[in-house]
1. Expressed as an acute angle from 0 to 90° and rounded to the nearest 10, what is the orientation of the C-alpha long axis of helix 54-74 relative to the principal long axis of the chain?
2. When ranked by the protection proxy of mean other Cβ atoms within 10 Å per residue, highest first, what sequence do the peptides 123-129, 22-28 form?
3. Any idea what the alpha-carbon Rg over 2.2 N^0.38 Å comes to for region 91-137?
4. Please give the calculated 222 nm ellipticity per residue for the chain, where each DSSP H segment of at least 4 residues contributes -39500 (n - 2.57) and the sum is spread over every residue; nearest 500 deg cm²/dmol?
5. How many angstrom separate the Cα center of region 81-115 from the Cα center of region 43-70?
6. Expressed as an acute angle from 0 to 90° and rounded to the nearest 10, what is the orientation of the C-alpha long axis of helix 121-135 relative to the principal long axis of the chain?
7. Which whole-Hz ³J(HN,Hα) couplings does region 28-37 yield from phi under the Karplus relation 6.51 cos²θ - 1.76 cosθ + 1.60, θ = phi - 60°, glycine and proline marked x?
8. With a 10 Å radius around each residue's Cβ, average the other Cβ atoms per peptide and rank 83-92, 31-40, highest first.
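All of the numbers you see were taken from the coordinates with simple rules; none came from a lab. Just so we're clear, the structure is a prediction, and the values are computed from it rather than from any experiment. Note: ideal-geometry Cβ built from the backbone for every residue, glycine included; neighbour counts use all protein chains shown.
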Amino acid sequence: MSDGFALDPQLARESVFVADRALCRVLLMDDARFPWLVLVPRRAGLVELCDLNRIERAQLWSELERAGEALRAAMPFTKLNVGALGNVVRQLHVHVIGRHEGDAAWPGPVWGHGPRQPCDESARATRVRAIAARLGSG
């Protein structure tokens, strides 16, 4: 299923592995300011959502819903933002971001809002464990 899949180097630098689902690799963006996951379909050469077939698009949506639920349970927030831009990282990926009124970027987008603030190792590990436990298997 993941033959030829390679994670974009920027995503690899700025995130940490949480889990592999049926279609997507789930990553935690390493930014202490925001509850933030990235789902990357494990298929080589994908750039746009329309590069997925109908069944894969349905699977992606299901995995996005589950990721949002797991993120909310692990790191409560008041608003869930979902976006797939691809202007900087061309590899197809979808952001799932928990937001709070008054967070570091509110009400604007998180992209480009100051430098990323990596979590300390303990906080990062705690976030990953909490989200992975709530994602469950498969």
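1. Between the helix axis and the principal axis of the chain, the angle is about 20 degrees.
2. My ranking of the peptides, most packed first, is 22-28, 123-129.
3. Output field value: 1.39.
4. Taking each H run of at least 4 residues, the total per residue is -10000 deg cm²/dmol.
5. If we compute the Cα centre of each part, the gap is 18 Å.
6. 50
7. 9, 5, 8, 9, 4, 6, 9, x, 8, 10
8. Peptide ranking by packing, descending: 31-40, 83-92.
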